[in-house]
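Okay, so here's the structure we're looking at.
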Amino acid sequence: MTRSIEDLLATFYEAFSGKPELLDDIVVDDWDDIPLGPGQAPGRAGAVGLIEEVGKAFSGVRIVVHQVVDGCGSDGNGFVGVRGEMRGVHAGEFFGIPATGREFQFRIHEFHEVVGGHIVRTWHLEDWLDWFRQVDASPTH
């Protein structure tokens, strides 16, 4: 039985909130994450490393989904758009910025390609400039 889009997305964002082992059942091994994060290896294994790095930099990370646009067909395959935000506390160095202890929340927009009940590709855009503003820092590059 293929899981619902709601369950697939809830599991995906729970994984990115610090439980990378949840990716095993929902993301294919050669998952295409576009664009890769700084130093991120490709595939599901690369996502695990990214989640661990985010966990070192931020405490209480959670992804809040505000809207889902489900473009999957009756077979469950297709594209899903997500509008949401990432929330947490800046607790460790990130982008070269030492921990500030400040709470943050910034917008994320993602499109996931779903095939056979698994996420095979994700395009994403995060509002990191807003994060810099909230921690009172500025990007140097």
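Readers should treat all values here as calculations from the given coordinates under stated rules, not as data from a laboratory. Remember, predicted model here, so these are calculated numbers, not experimental data. Positions of Cβ are generated from backbone atoms using ideal geometry, with glycine treated the same way; all protein chains shown enter the neighbour counts.
The set of residues from region 95-129 being among the basic types (Lys, Arg), surrounded by fewer than 17 Cβ atoms within 10 Å (Cβ to Cβ) and assigned to a strand (DSSP E or B) comprises just one member, Arg107.
Taking the conditions (1) among the aromatic types (Phe, Trp, Tyr); (2) part of a helix (DSSP H, G or I); (3) touching a His at 6+ places or on another chain (Cβ under 8 Å) in turn, Phe132 satisfies each one other than (3). Considering region 54-102, the residues that are touching a residue at least 24 places away in the same chain (Cβ under 8 Å) and of a type in the set (Asp, Glu) include one that is nearest to Pro20 (Cα to Cα), namely Glu93.
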